[in-house]
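Let me begin by presenting the structure, written as structure tokens, before commenting on it.
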Amino acid sequence: MIARVRAGEPEAYAELVRAHTGIALRAARALGAGADAEDVVQQAFFKAYCSLGRFQDGAAFRPWLLSIVANETRNTVRTAGRQRSLADREAAFAEAEPLIPPAADPAIAALAWERRVALQGALEKLSKEHRLVVTYRYLLEMNEPETAAALGWPRGTVKSRLSRALRKLGRLLPEFEPCQALGMENGGEGG
């Protein structure tokens, strides 16, 4: 696909944009862009297009794009000079998915919402590095190599920081198993 874009096919880049807009918006919101998420993503796609000459052949596009989204989010938040509160982030993150799926049992939906709020609060208490690795790995559903590529960290660093972050989440959320709160099946890494 990248080769087609480099060859001058505008529709090829449009396909990449369509395929990655959802995950890019989720990343921007999860990383604190809030109401600016769409602007952040638009700017990230523009910068990615302008930087395609530096994109490594054979590399995965998604982690590369999400690292650009993360940088744009950081710049937007810094430039605006505002810190998003937990409530703002939760509201922005909640916009990405319906609060209660139409067919959901209200009791199950209420428990899921409670877990989500507790998880978001616990994530706020983690260090920046631990919050990032958990966000990329589980909330954005990236595998370990993609997480490493997006964050620009070696895989070993991703593994060790993720392990420490999950232990801290376990202490912060004693009533929930961290793997349950993150929506991981059987606590697996899936990697």
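The values are calculated or read from the model by the stated rules, or taken from the named source; none is laboratory data. The shown structure was predicted, so the numbers you read here are calculated from the model rather than taken from an experiment. Cβ: placed from backbone, ideal geometry, glycine included. Neighbour counts: every protein chain shown. Note: areas computed on protein heavy atoms with side chains; ligands, DNA, RNA excluded. Shrake-Rupley method; radii C 1.70, N 1.55, O 1.52, S 1.80 Å.
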Practice problem: Say whether the condition of being part of a helix (DSSP H, G or I), within 19 Å of the chain's Cα centre (by Cα), farther than 23 Å from Glu141 by Cα and at pLDDT 85 or above is met by at least one residue in segment 54-75. | Solution: yes
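Is it the case that segment 109-122 has a residue that's open to solvent by 50 Å² or more (accessible area, probe 1.4 Å), in a loop (DSSP other than H, G, I, E, B) and at pLDDT below 85? Please lay out each step first, then the result.
Start the filter on segment 109-122 by keeping residues that are open to solvent by 50 Å² or more (accessible area, probe 1.4 Å), which leaves 110-115, 117.
If we keep only those that are in a loop (DSSP other than H, G, I, E, B) as well, we get none.
No, segment 109-122 has no match at all.
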Quiz item: Is there any pair linking a residue in segment 143-166 that is part of a loop (DSSP other than H, G, I, E, B) to one that is surrounded by fewer than 19 Cβ atoms within 10 Å (Cβ to Cβ) and not β-branched (Val, Ile, Thr), with Cβ under 8 Å and at least six apart or on different chains, and which?
Solution: Asn143/Gly190; Asn143/Gly191; Gly152/Ser67
Self-check item: Selected residue (criterion: least open to solvent (accessible area, probe 1.4 Å)) from residues of segment 29-75 that are within 23 Å of Arg131 (Cβ to Cβ) and polar (S, T, N, Q)
Solution: Thr73
Quiz prompt | Selection status of Val133, β-branched (Val, Ile, Thr) and either touching an Asp or Glu at 6+ places or on another chain (Cβ under 9 Å) or open to solvent by 30 Å² or more (accessible area, probe 1.4 Å) (or both) | solution = no
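Look through segment 136-145, keep the residues that are farther than 17 Å from Leu25 by Cα and not polar (S, T, N, Q), and return whichever of them is least open to solvent (accessible area, probe 1.4 Å).
Step one: of segment 136-145, the residues farther than 17 Å from Leu25 by Cα are 143-145.
Subsequent filtering for residues that are not polar (S, T, N, Q) retains 144-145.
Numbers: Glu144: 17, Pro145: 53 Å².
That would be Glu144.
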Quiz item: Is there any pair with a first residue in segment 5-23 that is touching a residue at least 24 places away in the same chain (Cβ under 8 Å) and under 19 Å from Asp57 (Cα atoms) and a second that is among the hydroxyl-bearing types (Ser, Thr, Tyr) and open to solvent by less than 60 Å² (accessible area, probe 1.4 Å) whose Cβ atoms are under 9 Å apart and which are 6 or more apart or on different chains, and what are they?
Solution: Val5/Tyr13
